[in-house]
Amino acid sequence: MKLDSGKQEQDLRLEIRQFLDSSLPENLAKKVRLGQAITKADQVQWTRLLNDQGWAAPHWPEEYGGTGWNVIQRQIFDNECRAAHAPVLSGFGFNMLGPAIIKYGTTQQKQKFLPPILTADQWWCQGYSEPQAGSDLASLKTTAEKDGDNYVVNGSKIWTSAAEIADWIFCLVRTDSSAKPQRGISFLLIDMNTPGISITPLYAFNGVRLWNQVFFEDVRVPIENRLGEENQGWSVAKNLLGNERLMVSRVAENKRMFSIVKDVLLQQCSTDLFGAEKDTLLEKVHTLEIRLNALEVSNSRLLQQSVAGEQLGAEPSMLKLKGSQLVQAMDEILFELIAYAAIPFPDGPESATGRVTGINEMPVFADYTENIASNLFHHRGYTIAGGSTEIQYNIISKQVLGL
Ligand SMILES: Cc1cc2nc3c(=O)[nH]c(=O)nc-3n(C[C@H](O)[C@H](O)[C@H](O)COP(=O)(O)OP(=O)(O)OC[C@H]3O[C@@H](n4cnc5c(N)ncnc54)[C@H](O)[C@@H]3O)c2cc1C
């Protein structure tokens, strides 16, 4: 089952490929290929190049600056961008908030917030999780009480990625403590420069600042910054997933990683570095390829069902599970493959984000060797982010197996 079996899809694929050939800056593609950190400035540059082409928000309707593409066309776009090692745009504005504003926003909110997302002039972060509310998000406790034309927000959000570079945060807050948990929640858009907001960094075990805790102390938020009706924030948040539920397979990311696995294999095999272990390693790589093909076919089947208007149930949970597990399996095989090569010793000063900035020598093997271990650990987060593995198992066992 192929995504681009029709002429229209093949033409689109070629058009995207030509655009990437001519417009994707080499230095950005190199950073992505090497697994290096993509900075805000890099993201701004690539967002604006895509936006000039009208492709920064492929999934938004055309009237708001999107393309109006269906999920199959979007998957083709993703596949091509990943294969060319294009940076992935920040998802908070484009994938999460933008579609929610398009669906629930007032005219004024659409005019105020959508254009600066497209031009990368306004950066968002997501304030959902709290210290005692993660998988069980509906138990969140941050409150917003009405006072004149404002809500007064108190509480804290945790694991907030990119809060340190965001201009705004979209938050789920409790506006009615007496209602059932899901019924008393509202969705607020909060300017990060509002007095009463403070941010504490949270570091991953390797010293990199991956998240933040954001504290709200009597933060005044104009009522006009509420998205959707009061106490209907849960519906906004659930709907915000919408079609995005289908774009969770990480097929494009896995294909990109598999191309690196193949590169490493080719180089290593030519030097006969593996010796007697070669056959075992080759078998593992073939198994990965079969898993990748199975994921891609399942994903294509579901996308086609969705485009045909069929109602989907718990299938995206399976894609999320399989896609994230496959990325981790790719990391593990890459790690195993490069174990035969020496890698440089980090000896540079640490940057503000905790990244080591210098190495003592160039890698003796493939240039991306340096970041393979770091990615292996970073991608462990895929087990949790976007709904943990156990929660996906729960959904599948209830909705598919009827347990
Ligand atoms: C890389 C990364 C980025 C993130 N970025 C953001 C962000 O920008 N904004 C934001 O709001 N949040 C963010 N999060 C937080 C994320 O949404 C939560 O970590 C997630 O919802 C899980 O919540 P928790 O950490 O409180 O774990 P818990 O919900 O406490 O879960 C702990 C463990 O118990 C398991 N568990 C929980 N409930 C059940 C159950 N009913 N049955 C079986 N097992 C269960 C879980 O699977 C997990 O293994 C991020 C997380 C990661 C890893």
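The values are calculated or read from the model by the stated rules, or taken from the named source; none is laboratory data. Just so it is clear, the model here is predicted, and its values are computed rather than measured. Cβ: placed from backbone, ideal geometry, glycine included. Neighbour counts: every protein chain shown.
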Filtering the stretch 105-132 down to residues that are within 13 Å of the ligand (Cβ to nearest atom) and of a type in the set (Ser, Thr, Tyr), which residue is nearest to ASN225 (Cα to Cα)? TYR128
Is one or more of the residues making up the stretch 86-100 out of contact with any Asp or Glu (no Cβ under 8 Å at 6 or more places or on another chain), away from the ligand (no atom under 16 Å from the Cβ) and in a loop (DSSP other than H, G, I, E, B)? yes
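Quick one: which helices (runs of 4 or more DSSP H) lie wholly within the stretch 243-355 and hold at least 3 residues that are within 30 Å of GLY207 (Cβ to Cβ) and at pLDDT 90 or above?
Working: elements: 251-270, 278-307, 315-338.
Here the list reads 251-270, 315-338.
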Could you tell me whether any residue of the stretch 369-382 is modelled with pLDDT of 90 or more, over 18 Å from the mean Cα position of the chain (by Cα) and within 16 Å of the ligand (Cβ to nearest atom)? no
For the stretch 201-224, the count of residues that are exposed (fewer than 13 other Cβ atoms within 10 Å of the Cβ), small (Gly, Ala, Ser) and within 13 Å of the ligand (Cβ to nearest atom) equals 0
The condition from (1) within 13 Å of the ligand (Cβ to nearest atom); (2) out of contact with any Cys (no Cβ under 8 Å at 6 or more places or on another chain) that ALA163 misses is numbered (2)
Members of the stretch 367-399 found to be buried (at least 18 other Cβ atoms within 10 Å of the Cβ) and assigned to a loop (DSSP other than H, G, I, E, B), listed by number: GLY387
Could you please tell me which pairs satisfy a Cβ distance under 7 Å, a separation of 6+ or placement on different chains, a first residue in the stretch 385-399 that is under 26 Å from PHE92 (Cβ atoms), and a second residue that is of a type in the set (Gly, Ala, Ser)? SER388/SER135; ILE391/SER135; GLN392/SER317; ILE395/ALA314; ILE395/SER317
SER135, sole failed condition from (1) within 12 Å of the ligand (Cβ to nearest atom); (2) modelled with pLDDT of 95 or more: (2)
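Being assigned to a strand (DSSP E or B), at pLDDT 85 or above and within 27 Å of ILE38 (Cβ to Cβ) is the requirement here; does VAL219 meet it?
Spelling it out, it is not the case that VAL219 is assigned to a strand (DSSP E or B), at pLDDT 85 or above and within 27 Å of ILE38 (Cβ to Cβ).
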